[in-house]
Ligand code: ATR
């Protein structure tokens, strides 16, 4: 697209605050690369206005879909006309497609982005034992995607134990063939170790797990993108582990989002 015309299709990202989002730059560049006559715009929408705004979007016939982020990922679930079983189990949606009849279809792609990122790094989770630190929003999405990918065992370790147990119960209900355990800070005995907590963003954060228990046969993966070399990844390298950074989760997810929302010529 060189200019916006009457034929240009529109996508959006809904957030509050909005100024920090990088998705417009990323997806507009992706659309240029795909030769799509489309534009993705930032929409600054507060939580109280979300239902009315989304109801209006349903009637916008040249809207392809939209991305939702903080604080709307949970509230949007009930505003969609359809959501995937996985998104329903996670309780969150981050990508919505608008069908031609105006129906809104929601999906959660955080976890699929993480798994696609692993595969892009030649790490196949199928059949592997996985330790997952965290049970928050990101960890929920990643846990369901790992179960979907067919890991052989999943251990969930979270500071607040009840949230870990709640995640375990929902995983067992939707993926009865995947054994799920509640873990301790000790990640030993797993082939892949994942940090899905927010720890590592700040310099003074504690490590999300006991890195002294890591061994060279383990792969350690991050969801934190900034800094690229988190304290956990540095500690894992020191222990001889193969490491996988946080960035591919986002880059792979952008492709998945574009596909889901129909960003094609
Ligand atoms: P996100 O959407 O980024 O996943 P979130 O839902 O707030 O954010 O989840 C943050 C995760 O990091 C949770 O697993 C949280 O643990 P709790 O469930 O116990 O809150 C974890 N986390 C954040 N700060 C932590 C800390 N100081 N120590 C241990 N875990 C922490």
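Taking the alpha carbon gyration tensor of the chain, multiplying each eigenvalue by 5 and rooting it gives semi-axes of 34, 20, 16 Å, largest first. Taking every alpha-carbon pair under 8 Å whose residues sit at least 6 apart, region 73-141 reaches a relative contact order of 27 percent. Remark: spin-label model distance residue 238-residue 119 equals 3.5 nm, labels positioned 7 Å along the Cα→Cβ axis.
Principal-axis analysis of the Cα atoms of the chain puts helix 110-120 at an angle of about 70° to the longest axis. Taking all Cα pairs closer than 8 Å and separated by 6 or more residues, the relative contact order of the chain comes to 17 percent. Mean separation of Cα pairs under 8 Å and 6 or more residues apart, divided by the residue count, gives region 9-108 a relative contact order of 28 percent. Site pair residue 16 and residue 55 shows an inter-label distance of 1.6 nm when each label is modelled 7 Å from Cα along Cα→Cβ. Relative to the current alpha-carbon distance between residue 172 and residue 215, full extension at 0.36 nm per residue lengthens the span by 12.6 nm.
Rounded to the nearest 0.05, the FRET efficiency derived from the C-beta distance between residue 181 and residue 84 at R0 = 30 Å is 0.70.
As a calculated quantity, the FRET efficiency between residue 75 and residue 101 at R0 = 41 Å, using C-beta atoms, amounts to about 0.95. The slack in the chain from residue 148 to residue 62, taken as 0.36 nm per residue of separation less the alpha-carbon distance, amounts to 27.6 nm.
You can think of it this way: the chain between residue 203 and residue 126 has 24.4 nm of extra reach, that is 0.36 nm per residue less the Cα-Cα gap.
Working from label points 7 Å from Cα in the Cα-to-Cβ sense, the residue 225 to residue 2 distance is 3.1 nm. From the Kirkwood radius over Cα pairs of region 135-246, Stokes-Einstein at 37 °C and 0.692 mPa s returns a whole-number translational diffusion coefficient of 231 µm²/s.
Laboratory data are not the source of any read-out in this text; all were calculated from the coordinates shown. Since the structure is predicted, the reported quantities are computational estimates derived from the model, not experimental observations. Glycine also receives a Cβ, built like all others from the backbone with ideal geometry; neighbour counts cover every protein chain displayed.
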